[in-house]
Amino acid sequence: MSKPFFSIIIPIFNTELYLRRCLDSIVNQSFRDIEVILVNDGSKDNSINICLEYIEKDKRISLILKQNEGLSEARNDGIKKAKGDYILFVDSDDFIDEKACETFYIVIKEYFHLEIIAAKHEVIKKKKRIQRPIVIPDDVVSGVEFLKQQFEAKKYYCNVVRNVYNRKFLIDNYLYFKKGLLAEDMDWTPRVFILARRVKAIDYPFYKNVKRNKSITRSIDKTKFIDDVLYILNEFNFLLNEIDDEELKVLFKNYQVNCFLNTYMMKKGYSSEGVNDLFDKAFLENKALTRYNKFRVFLFSLNKNLYYWIGKVWRIGMDNG
């Protein structure tokens, strides 16, 4: 096959019940110049046989077989194998609109040399469909400017799967996922946007995120997830030193406050004792921007347990600040 325009990377781990829906949405894309890279991350169910079934029917599909190393390494393996100009990541229990690649191709050809195309996504939970919006600048902007607009509007931007990425941009900047992290999207996405010079956002919820009780993201080890989030939030302090834009630094610190306090509200699922000690209130010093976040930090610093129980009643802990 000649060099494809899009490489679509699909990590797979025990998703036999949903995999055909995912693959059908991709092989039936109206834009045909794609390659599909399946990364079977040690599945124990029938996923591998479904992969082989689709490979037999479609020469654009290839398969990477590996022992289970987690989502980050599966995506990294896909990036290394990809040959397309642009990369999409799709989780194997989700699916995408069948005009997704066609739509992105038109945008890329109109604006030239884009490094990221950002879009809305749609959450499907039971029979409800909810669109998750982003701020959409009028023209091409830098990744720094894009982040500032999302932070100012309190929009959740960091889903890896909701964006399309220039492959050369990722490779040249060595933008791979850190191995073993469960909160890999939170870590990877800001690093990517901060380095991007040309980002175009579009009003198109192409990605269909299906919420289910036993998805990869919902069945994670909450203990490790909290540990990983706290590690990432501390690593962000080093990332901030590389940011020249002072406005973004202030907004990013406020974002750290949101992530820190929202993660604390997950502590009920933590398996070890002494969870309060892991959340050092000193981390929050001089980071809150909004009056609401300043109040949250004050309450947390006053009494962590009081903050938690008030948060349970008032939902303060899950607010975006």
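Got a sec? Which of SER72, SER62, SER92, SER47 is in the same structural domain as GLY180 (by TED's automatic domain parsing), more than 19 Å from the chain's Cα centre (by Cα), among the polar types (S, T, N, Q) and closer than 23 Å to ASN209 by Cβ?
Working: SER72 fails: more than 19 Å from the chain's Cα centre (by Cα); SER62 fails: closer than 23 Å to ASN209 by Cβ; SER92 fails: more than 19 Å from the chain's Cα centre (by Cα).
Answer to the check: SER47.
Inside the range 256-270, can you point out the residues that are touching a residue at least 40 places away in the same chain (Cβ under 8 Å) and either surrounded by 15 or more Cβ atoms within 10 Å (Cβ to Cβ) or of a type in the set (Val, Ile, Thr) (or both)?
Within the range 256-270, the first condition is being touching a residue at least 40 places away in the same chain (Cβ under 8 Å), and the residues that meet it are 257-259, 261-262, 264-267, 269-270.
Passing the criteria: VAL257, ASN258, CYS259, LEU261, ASN262, TYR264, MET265, MET266, LYS267, TYR270.
Condition first: more than 20 Å from ASN305 (Cβ to Cβ) and under 25 Å from the mean Cα position of the chain (by Cα). Now tell me which residues in the range 272-287 satisfy that.
Passing the criteria: only LYS287.
Within the set of pairs 6+ apart or on separate chains, which have a first residue in the range 152-173 that is in the same structural domain as GLY84 (by TED's automatic domain parsing), a second that is β-branched (Val, Ile, Thr) and modelled with pLDDT under 95, and C-beta atoms under 7 Å apart?
ALA153/VAL135; LYS155/ILE134; LYS155/VAL135; TYR157/ILE134
So which residues in the range 91-123 are part of a strand (DSSP E or B) and aromatic (Phe, Trp, Tyr)? Break it down into steps so the answer makes sense when it comes.
Restricting attention to the range 91-123, the residues satisfying the condition of being part of a strand (DSSP E or B) are 95-96, 116-123.
Listed by number, the list holds a single entry, PHE95.
Any chance the range 242-255 includes a residue that's under 16 Å from the mean Cα position of the chain (by Cα) and buried (at least 16 other Cβ atoms within 10 Å of the Cβ)?
Taking the range 242-255 as the starting set, the residues that turn out to be under 16 Å from the mean Cα position of the chain (by Cα) are 255.
If we keep only those that are buried (at least 16 other Cβ atoms within 10 Å of the Cβ) too, we end up with 255.
The answer is yes, given that some residue of the range 242-255 is under 16 Å from the mean Cα position of the chain (by Cα) and buried (at least 16 other Cβ atoms within 10 Å of the Cβ).
Given the structure, is TYR174 among the hydroxyl-bearing types (Ser, Thr, Tyr) and touching a strand residue (DSSP E or B) at 6+ places or on another chain (Cβ under 8 Å)? Write out each step before concluding.
Values: among the hydroxyl-bearing types (Ser, Thr, Tyr): yes; touching a strand residue (DSSP E or B) at 6+ places or on another chain (Cβ under 8 Å): no.
Here the answer is no, as TYR174 does not meet what is asked.
Is it the case that some residue within the range 106-121 is at pLDDT below 95, more than 23 Å from TYR54 (Cβ to Cβ), surrounded by 18 or more Cβ atoms within 10 Å (Cβ to Cβ) and of a type in the set (Val, Ile, Thr)?
Within the range 106-121, not a single residue is at pLDDT below 95, more than 23 Å from TYR54 (Cβ to Cβ), surrounded by 18 or more Cβ atoms within 10 Å (Cβ to Cβ) and of a type in the set (Val, Ile, Thr).
Quick one: ILE130 ticks every box in (1) over 26 Å from GLU102 (Cβ atoms); (2) aliphatic (A, V, I, L, M); (3) free of Cβ contacts under 8 Å to residues at least 24 places away in the same chain except a single one, so which number is it?
ILE130 satisfies every listed condition except (1).
Taking the stated definitions as given, is ASP41 closer than 19 Å to ASP185 by Cα, out of contact with any His (no Cβ under 9 Å at 6 or more places or on another chain) and buried (at least 21 other Cβ atoms within 10 Å of the Cβ)? I'd like the intermediate steps shown before the answer.
Working: closer than 19 Å to ASP185 by Cα: yes; out of contact with any His (no Cβ under 9 Å at 6 or more places or on another chain): yes; buried (at least 21 other Cβ atoms within 10 Å of the Cβ): yes.
Taking the combined requirement at face value, the residue satisfies it.
Which ones in the range 183-205 are outside any loop (DSSP other than H, G, I, E, B), in contact with a strand residue (DSSP E or B) (Cβ under 6 Å, 6 or more places away or on another chain) and not basic (Lys, Arg)?
Narrowing the range 183-205 to residues outside any loop (DSSP other than H, G, I, E, B): 184-195, 199-205.
Subset that is in contact with a strand residue (DSSP E or B) (Cβ under 6 Å, 6 or more places away or on another chain): 199-202, 204-205.
If the condition is that a residue be outside any loop (DSSP other than H, G, I, E, B), in contact with a strand residue (DSSP E or B) (Cβ under 6 Å, 6 or more places away or on another chain) and not basic (Lys, Arg), then VAL199, ALA201, ILE202, TYR204, PRO205 are the ones that fit.
Identify the single condition in (1) surrounded by fewer than 22 Cβ atoms within 10 Å (Cβ to Cβ); (2) in a helix (DSSP H, G or I); (3) among the small types (Gly, Ala, Ser) that ALA74 does not satisfy, given that it satisfies every other one.
Unmet condition: (1).
Among the listed residues LEU38, LEU88, LEU63, LEU19, identify the single one that is of a type outside the set (D, E, K, R) and in a helix (DSSP H, G or I). Break it down into steps so the answer makes sense when it comes.
Details: LEU38 fails: in a helix (DSSP H, G or I); LEU88 fails: in a helix (DSSP H, G or I); LEU63 fails: in a helix (DSSP H, G or I).
Answer to the check: LEU19.
Do you know which residues across the range 118-153 are over 14 Å from the mean Cα position of the chain (by Cα) and farther than 22 Å from LEU251 by Cβ?
Scanning the range 118-153 gives ILE124, LYS125, LYS126, LYS127, LYS128, ARG129, ILE130, GLN131.
Is the range 24-38 home to any residue that is within 19 Å of the chain's Cα centre (by Cα), modelled with pLDDT of 95 or more, closer than 17 Å to GLY84 by Cβ and not acidic (Asp, Glu)?
Taking the range 24-38 first, the residues within 19 Å of the chain's Cα centre (by Cα) are 37-38.
Restricting the remaining residues to those that are modelled with pLDDT of 95 or more gives 37-38.
Then drop every residue that is not closer than 17 Å to GLY84 by Cβ, which leaves 37-38.
Applying the additional criterion that residues be not acidic (Asp, Glu) yields 37-38.
Checked against the condition, which is being within 19 Å of the chain's Cα centre (by Cα), modelled with pLDDT of 95 or more, closer than 17 Å to GLY84 by Cβ and not acidic (Asp, Glu), the range 24-38 yields at least one hit.
Which numbered condition in (1) modelled with pLDDT under 95; (2) in a helix (DSSP H, G or I) is the only one that GLY180 fails?
(2)
The values are calculated or read from the model by the stated rules, or taken from the named source; none is laboratory data. The model shown is predicted, which means the values in this text are computed figures rather than measured ones. In this analysis, Cβ positions are derived from the backbone assuming ideal geometry, glycine residues included, and neighbour counts consider all displayed protein chains.
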